[in-house]
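The structure appears below as structure tokens.
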Amino acid sequence: IPDSVTKIGDYAFKSCNLTSVFITDLSIWCNIDFEDNPLCYGAKLYIDNTEVTELIIPSDISEIKQKAFYGYSGLTSVTIGDSVTTIGAQAFGKCNGLTSVIIGNSVTAIGERAFDTCKSLSNITIGNKVNTIGKEAFANCDSLTHITIPEGVTNIEESACQSCDGLTSVTIPDSVTTIG
């Protein structure tokens, strides 16, 4: 997919047997407006011909747009650097191989369903600048057993941890004023 692409519309890759998606610039990929992400059809992501399994978002990226990595089952860990301020809706939704996420200290909002249905997600660290956790942000994360909401979060939207069957404890700070 060339660097000139800025939007991928609905069903662009439906019924395709994609096995690989090759890109050269992660910052451009994170800035594409996705309606339909080719990764959700089972394709592996390659940056400069290297398969991405452990993703580190570099300092030149300030936003991860909606569905940027949606459905990418090859992803096992994500470290979101301190330059990122927003994680878009469904950015990492249905990444079933994802086990670990570290959200940097500049992220202020975790979008709606950002990590929804990440069935293997068991470890998440949320940065200290987050003030809103979006609707269904961690819903259906069956392997998540504990979550600590950092001080500074004021709004936890509805169903944030809905159907997290393994969740046994949640730590909520005094800064939280709204739980949906």
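Bear in mind these aren't lab numbers, they're just calculated from the coordinates by the rules spelled out. Since the model is a prediction, treat every value here as computed from it, not as a measurement. When we count neighbours, we look across all protein chains shown, and the Cβ atoms used for this are built from the backbone with ideal geometry, even at glycine.
Treating the beta-carbon of each Lys and Arg as +1 and of each Asp and Glu as -1, no other charges, what is the dipole magnitude of the stretch 1-141 about its Cα centre, to the nearest 20 debye?
Dipole size: approximately 420 debye.
Annotation: lysines with alpha-carbon distance below 17 angstrom to LYS44 (same-chain offsets under eight excluded): LYS14, LYS67, LYS94. In summary, the aspartates and glutamates within cross-link reach of LYS7, defined as a Cα separation below 16 angstrom excluding same-chain residues under 8 places away, comprise ASP25, ASP33, GLU35, ASP36, GLU63. Close amide H pairs (under 5 Å, H built 1.01 Å from N) link GLU63 with THR85, residues at least 5 positions away or on another chain. Phi angles across the stretch 92-104 convert, under the Karplus curve 6.51 cos²θ - 1.76 cosθ + 1.60 with θ = phi - 60°, into 3J(HN,Hα) values of 10, x, 6, 8, 5, x, 5, 10, 9, 9, 10, 9, x Hz, Gly and Pro given as x. Of the labelled figures (1) 38, 15, 13; (2) 27, 17, 14; (3) 36, 23, 15, only one reflects semi-axes √(5λ) of the Cα gyration tensor in Å as derived from the coordinates, namely (2). The order of the peptides 50-59, 26-35 by mean Cβ neighbours within 10 Å, most packed first, is 26-35, 50-59.
Show me the ranking of peptides 116-124, 7-15 by mean Cβ neighbours inside 10 Å, starting with the highest.
Details: 116-124: 20.2, 7-15: 10.7.
Top to bottom by mean Cβ count within 10 Å: 116-124, 7-15.
Here LYS119 is the anchor, and the aspartates and glutamates within straight C-alpha reach of less than 19 Å, apart from those fewer than 8 places off in the same chain, are GLU54, GLU136, ASP142, ASP165. Taken one residue at a time, the phi angles of the stretch 145-152 give Karplus couplings (6.51, -1.76, 1.60, θ = phi - 60°) of 9, 8, 9, 10, 7, x, 4, x Hz. Gly and Pro are set to x. Based on Cα atoms of the stretch 7-104, Rg over Rh with Rh as the Kirkwood radius reads 0.93.
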